[in-house]
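Report on the structure given below.
The values are calculated or read from the model by the stated rules, or taken from the named source; none is laboratory data. Since this is a predicted model, take the numbers as computed values, not measurements. In case anyone asks, the SASA skips ligands and DNA or RNA and just uses the protein heavy atoms, side chains included. Shrake-Rupley method; radii C 1.70, N 1.55, O 1.52, S 1.80 Å.
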Amino acid sequence: MKNQTITLGDFELTAISDGTYVADGGAFFGVVPKVMWEKKVKADQFNRITVSCNSVLVRTGKQNVLIETGIGNKLEEKRKKIFETQEKLLENLRATGVSPEEIDIVINSHLHFDHCGWNTVYQNGAAMATFPRAKYYAPEGEWKHGSLQLERDRVSYLSPNYDPLIQSGQMQLIDGNAEIAPGISVEVWPGHTRNMWGVFIRSGGKTACYISDLIPTTWHLDATWVMAYDLFPLETIANRKRYYSRAIPERWLTIFTHDPDVPWAYVERTDNKISYKAP
Ligand SMILES: [Zn+2]
């Protein structure tokens, strides 16, 4: 997906992709029968679908804020082949005219490997900050959960993406909701994980929300179309409904973390069906 830019009040938002990767279609749609989800997205001969890792650069006029950092380039070769990763985030960031050195703030909605991969790069075998001047933020409960390395989801938590930054003091872990910078705040939206954040961007009376894996693509707008990855599927359903009850009347621009075609849209309800309209 090419970079796309939109104005939100005094802020400029640019959707920047780390490129696409392939994932099992069943994992993305949980108990939804393939005959139904296949109408929205075609699977290949291995039942895989192609999704994107969408980050957002927010230029507030005072600061450059990067929300999410994709898969990155540190996966072992075998997993790079499995996911067919593209590692495009830095090149797409450069196309915006902003260099990694000019990023002031990095926010990770949660610490799954496909959301914080470019936090660090290997230099002489050590994982170093990709954005040397940035202050990084992530949910504290995510780090605690990842550190447990539970058999259910330990493959999703790769400590070189965050532990070196925590040790150096460059990453701050936050428990709960917080304002990160003027107009940029985080709110806990459980379901995909217990502590995942939605990232709110507010300027000039307008709101955008990076709701991350609570609603990963426009294919997942139906509250019951929950991914098999989600640890708390009933909470995903309840929180999607709660999200719509605010996002629709207040006209939030919803940002989709994994949609390969639609980085953002306004969510709408017609005849009790949730749909979307591109801005
Ligand atoms: Zn995730």
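In the stretch 85-172, the alpha-carbon atoms span a convex hull of 105 Å³ per residue.
Taking only protein heavy atoms and a 1.4 Å probe, what accessible area per residue, in Å², does the stretch 33-133 have with all protein chains in place?
Details: 4740 Å² over 101 residues.
Value returned for the stretch 33-133: 47 Å² of accessible area per residue.
If you average over every viewing direction, what projected area does the convex hull of the Cα atoms of the stretch 15-93 give, in nm²? All intermediate terms of the calculation are to be shown ahead of the outcome.
Details: hull surface 26.8 nm².
The directionally averaged projection comes out at 6.7 nm².
Under 17 Å Cα-Cα from K80, which lysines qualify once same-chain neighbours fewer than 8 residues away are excluded? List returned: K88. Keeping the other protein chains in place, figure out the carbon and sulfur percent of the accessible area of the chain, with a 1.4 Å probe. Ligands and nucleic acids excluded, carbon and sulfur reach 50 percent.
Which whole-number value in Å² is the accessible area per residue of the stretch 149-221, probe 1.4 Å?
Values: 2740 Å² over 73 residues.
I get 38 Å² per residue for this part.
In order along the stretch 68-73, the Karplus-derived 3J(HN,Hα) couplings, from 6.51 cos²θ - 1.76 cosθ + 1.60 at θ = phi - 60°, round to 6, 10, x, 8, x, 10 Hz, and Gly and Pro are given as x.
Rank N47, N119, N108 by mean-square fluctuation in a GNM of the chain with C-alpha springs under 10 angstrom and give only the top-ranked residue. Among N47, N119, N108, the largest mean-square fluctuation in the Gaussian network model of the chain belongs to N47.
Evaluating 6.51 cos²θ - 1.76 cosθ + 1.60 at θ = phi - 60° for every residue in the stretch 85-98, the Karplus couplings come out as 5, 10, 6, 9, 4, 5, 5, 6, 5, 4, 5, 7, x, 9 Hz, glycine and proline recorded as x.
So if the hydrodynamic radius of the chain is defined as the Kirkwood radius over C-alpha pairs, what does Stokes-Einstein give as its diffusion coefficient at 37 °C and 0.692 mPa s, in µm² per second?
On the way: Rh = 18.7 Å.
D, rounded to a whole number, is 175 µm²/s.
Can you show me the helix-derived [θ] at 222 nm for the chain, built from DSSP H runs with n ≥ 4 at -39,500 (n - 2.57) apiece and divided by the number of residues, rounded to the nearest 500.
Working: 8 runs with 56 residues, N = 279.
My calculation for the chain gives -5000 deg cm²/dmol from helical runs alone.
The radius of gyration of the Cα set in the stretch 89-134, together with its Dmax, comes out at 11.0, 29 angstrom. Springs join every pair of Cα atoms under 10 Å in this Gaussian network model of the chain, and among S168, S212, S52 the largest mean-square fluctuation is at S168. Straight Cα distances below 17 angstrom link K78 to the aspartates and glutamates D24, E87, D114, with same-chain residues fewer than 8 positions distant left out.
Amide H to amide H distances under 5 Å link K88 with G19, where only residues 5 or more positions off or on other chains count and H is placed in the peptide plane. Determine the shape class of the stretch 128-279: with a ≥ b ≥ c the square roots of the Cα gyration tensor eigenvalues, call it rounded for a/c under 1.5, and otherwise prolate if a/b is greater than b/c, oblate otherwise. Oblate shape, in that a/c is at least 1.5 and b/c is the bigger or equal ratio.
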